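One structure below.
The values are calculated or read from the model by the stated rules, or taken from the named source; none is laboratory data. The shown structure was predicted, so the numbers you read here are calculated from the model rather than taken from an experiment. Glycine gets a Cβ as well: all are built from the backbone with ideal geometry, and neighbour counts include every protein chain shown. Quick note on the areas: whole protein, heavy atoms, side chains included, nothing else; ligands and nucleic acids left out. Shrake-Rupley method; radii C 1.70, N 1.55, O 1.52, S 1.80 Å.
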Amino acid sequence: MLRPNPRGDYPIVAETAFVDPTAILCGHVIVEDDVFIGPYAVIRADEADENGTVEPIRIGKGSNIQDGVVIHSKDGAAVTIGSRTSIAHRSIIHGPCTVGDEVFIGFNSVIFNCTVERGCVVRHNAVVEDCVLTEGFYIPSTTTIHSNTDLLTVPQVTQDATAFSESVAEMNVSLARSYRRIANQL
């Protein structure tokens, strides 16, 4: 379901993207080409700052927002999801936040008030908040990263983790195309 926010901003969805009919996109949301947004995802750009401004939530080309993901932002701040990035089932991305290109965010993970740069992998049930993960970090399942975490103790992404992330992104671009084709036949 696409709907406006109280300011009247309406989601903009690329023609080649697929948004499941059970997903809710509200307000200043921009969805680029070949994006897959799965069942029951909620993406809300509806909370304004003190000046009434709502920055966009932008989902980059070829990314996938899987089942039950929530993306929202505090005080109208921007949220950017890069290209070919996977946000897995039931994760929460809460802005202000930037998630770079070719990132994998695992099941049930929470990303809040931070930057996750290109190629990072955040595995399942992890929490990353109030920090910057520079390119290529690997956050193991159930890990919590805060602004005071010593990032020198965090490993770099392995080739296996990168290959897994790429395969998820490729599969979901294929799903977006397939579901669009089905929707066009109905």
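Counting only strands (runs of 3 or more DSSP E) wholly contained in the stretch 72-139, the ones carrying 1 or more residues that are free of Cβ contacts under 8 Å to residues at least 60 places away in the same chain, in contact with a Leu (Cβ under 9 Å, 6 or more places away or on another chain) and surrounded by fewer than 24 Cβ atoms within 10 Å (Cβ to Cβ) occupy 110-116.
Entry remark, the stretch 1-19: residues being within 23 Å of Ala183 (Cα to Cα) and buried (at least 17 other Cβ atoms within 10 Å of the Cβ) number 5 in total.
Return yes or no: is Ser83 modelled with pLDDT of 90 or more and among the small types (Gly, Ala, Ser)? So that I can check it myself, show each step before the final result.
Details: modelled with pLDDT of 90 or more: yes; among the small types (Gly, Ala, Ser): yes.
Answer is yes for this residue.
Cβ separations smaller than 9 Å between residues 6+ apart or across chains give the following pairs from the stretch 1-24 residues that are closer than 16 Å to Val42 by Cα and basic (Lys, Arg) to residues that are at pLDDT 95 or above and open to solvent by 30 Å² or more (accessible area, probe 1.4 Å): Arg3/Tyr10; Arg3/Ile24.
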